[in-house]
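Undergrad: For reference, the structure I am asking about is given below.
Only the coordinates and a few stated rules stand behind these numbers; no lab work does. Treat the numbers as computed from the prediction; the structure is a model and nothing was measured. Ideal geometry is used to build each Cβ from the backbone, glycine not excepted, and the neighbour counts take in all protein chains shown.
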Amino acid sequence: MTDMHKHCPVCNTPIPLDETTCSPPKCQKVLRDRQAQMKRSRMILFVVMVIFILVFAYMMFFR
């Protein structure tokens with residue numbers, strides 16, 4: 001029977017199932033930074049989409 005494990009999302013090292021990353025200081029910081037960048041990217045995309053919809057609605061109804 002194989003040992004149940006998963007892999008670190010940063011460096012792909014095998015880790016126990018109850019761990020998030022392999023090394024708390026290094027890999028957790030990298031993971032937090034990646035998640036923060038993804039959150040910023042999603043927010044920017046959302047704002048651009050809202051602006052596009054507002055401009056489109058303005059062009060459709062007020063021209």
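Undergrad: Could you give the semi-axes, largest first, of the ellipsoid that matches region 2-63, computed as the square roots of 5 times the alpha carbon gyration tensor eigenvalues and rounded to whole Å? Could you put the intermediate results ahead of the total?
TA: Values: eigenvalues 380, 30, 8 Å².
Whole-Å semi-axes of the equivalent ellipsoid: 44, 12, 6.
Undergrad: Could I ask something else about it? Putting +1 on Lys and Arg Cβ atoms and -1 on Asp and Glu Cβ atoms, find which of Met49, Pro24, Met60 reaches farthest to the positive end of the dipole of the chain.
TA: The residue sitting most towards the positive pole is Met60.
Undergrad: Relative to the present Cα-Cα distance, how much length would full extension add between Met60 and Arg32 at 0.36 nm per residue of separation?
TA: Once the chain is fully extended between Met60 and Arg32, it gains 5.9 nm.
Undergrad: Also, I was wondering about something else. For Lys39 and Asp3 in one chain, what is 0.36 nm times their gap in residues minus the Cα-Cα distance, to one decimal in nm?
TA: Details: separation 36, 0.36 × 36 = 12.96 nm, distance 3.41 nm.
Separation in residues times 0.36 nm, less the Cα-Cα distance, equals 9.5 nm.
Undergrad: Can you tell me the dipole magnitude for region 23-63 around its Cα centre, using point charges on the Cβ only (Lys, Arg +1; Asp, Glu -1), in Debye to the nearest 20? List each step's numbers first, then the result.
TA: Details: 8 positive and 1 negative charges, 50 e Å.
Using Cβ point charges on Lys, Arg, Asp and Glu, region 23-63 gives about 240 debye.
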